[in-house]
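Engineer: Following this message is one structure expressed as structure tokens.
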Amino acid sequence: MVIMKSNLKVLMIKNDLTQHELAEKVGIDVKFINRLANGKAKFINTDSLIKLGIFFKCPIQDLLYYEEIA
């Protein structure tokens, strides 16, 4: 089985940001940021990923990755 994971926590730490600060700066709901950062997002809005990519100056593939689990 393959699951999608997020590098959002790492990016927030590198940029010294809390979830609330990131949500405010990017214009995304803090609940979505929390779910994405903690691996609980069931649906991921493409617009939100684009906003995060623009903010962190990185491609979407730097935000998300797949992990195979047994």
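Engineer: Using Cα-Cα distances under 8 Å and only pairs 6 or more residues apart, what relative contact order does the chain have, in percent?
Structural biologist: Working: 62 pairs, mean separation 37.2, N = 70.
Relative contact order here is 53 percent.
Engineer: To the nearest 10 degrees, how steeply does helix 46-56 sit against the main Cα axis of the chain, on a 0 to 90 scale?
Structural biologist: 60
Engineer: Counting only other residues whose beta carbon sits under 11 Å from that of GLY27, what net charge do I get with K and R as +1, D and E as -1?
Structural biologist: Values: positive: LYS25, LYS51; negative: GLU24, ASP29, ASP47.
Surrounding charge for GLY27 is -1.
Engineer: Right, another one. How large is the convex hull of the Cα atoms of the chain per residue, expressed in Å³ as a whole number?
Structural biologist: On the way: hull volume 5.9 nm³, N = 70.
So the per-residue hull volume is 84 Å³.
Engineer: Might you report the magnitude of the Cβ-based charge dipole of the chain about its Cα centre, with Lys and Arg at +1 and Asp and Glu at -1, to the nearest 20 debye?
Structural biologist: Working: 10 positive and 8 negative charges, 20 e Å.
Once rounded to the nearest 20, the dipole reads 100 debye.
Engineer: Given the -39500 (n - 2.57) contribution per DSSP H run of 4+ residues, what per-residue ellipticity at 222 nm results for the chain, rounded to the nearest 500 deg cm²/dmol? Write out the running numbers ahead of the final one.
Structural biologist: Values: 5 runs with 38 residues, N = 70.
Rounded to the nearest 500, it is -14000 deg cm²/dmol.
Each value in this text was obtained by applying a stated rule to the coordinates, not by laboratory testing. Keep in mind the model is a prediction, meaning the values are calculated, not measured. Note that we place each Cβ from the backbone using ideal geometry, even for glycine, and neighbour counts take in every protein chain shown.
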